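This report refers to the structure that appears directly beneath it.
Read-outs throughout are calculated quantities, based only on the coordinates presented, and are distinct from any laboratory measurement. Please read these numbers as outputs of a predicted model, since none were measured by experiment. Note that each Cβ is placed from the backbone with ideal geometry, even for glycine, and that neighbours are counted across all protein chains shown.
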Amino acid sequence: MTYETIPRSKLSWARTALAVCAALCALAHPVYPPRPAAAQEVERGRSEDGELECISYCSNTRPGTVIMEVRMRLAGHLLNDTELRSKVAQQRLEATVYADGFERGLFAAVPVLRPNALFLARPRPELAGRRQKKIPGLERLVVREVATRLDRAADRFLLMRPRSGLPAETPGAAGGDWVVIRLEGLAPGMAYSFRVPGGRSAVTCLAAVCPVDLRSAPARQARRRP
């Protein structure tokens, strides 16, 4: 029997059967869009008062690039759009790699939360007239993205979401309005602490060590002491 002699009813039935099989296979093996750090261990942290959270992972598109997200609560309730944008514009963020860096003035701060803003070392009055040493781990620290719940496109590249916070498996995420700051320029395996200027609570995260860095970087670096 040739293709031409097969009854049309049988051909139609065969096409239908193949379509049904394809649909069942798709349901059994769904294809999801890629997520950051989908198949890697991530480093997480949360401040004692729950106002700051952080997570670190490796970029899945740029090998060796360490990413850290810092999530900051702006208000305990939802703000209107104008209030939310104004609140973000007023925020600042400080960072240190020392265990007592905030107390000793060994930290850097970003003057405004906007993409490509660099963290600048705090001037130390006791070193006036002398060249201040750069703080290791903070020289290249830069803000790459700033997102709130108004930035719907952020869900495609952030692991922490401004609307829902840390991933669903992470307990204790509080409500309200938040902003997420995506950082790059971190030293693999180094501990970074963040706080709001003048804040009493800080959050600490270890910068992830990417597979390509395992040969050149230690598995973990202790908190630095000058």
>> Using a 10 Å cut-off around each Cβ, can you sort MET190, MET68 from fewest to most neighbouring Cβ atoms?
In response: MET190, MET68
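R0 = 30 Å: FRET efficiency of ALA121 with ARG200, Cβ-based, nearest 0.05? Walk me through the numbers before you get to the answer.
Numbers: r = 22 Å, r/R0 = 0.73.
For ALA121 and ARG200, the calculated efficiency is 0.85.
Taking the Cα centre of the stretch 43-213 as origin, sum charge times position over the Cβ atoms of Lys and Arg (+1) and Asp and Glu (-1), and report the length of that vector in debye to the nearest 20.
On the way: 26 positive and 20 negative charges, 112 e Å.
Charge dipole, the stretch 43-213, about its Cα centre: 540 debye, nearest 20.
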>> Using a 7 Å offset from the Cα along the Cα-to-Cβ direction at both ARG92 and ALA109, what is the distance between the two label points in nm, to one decimal?
In response: 0.2
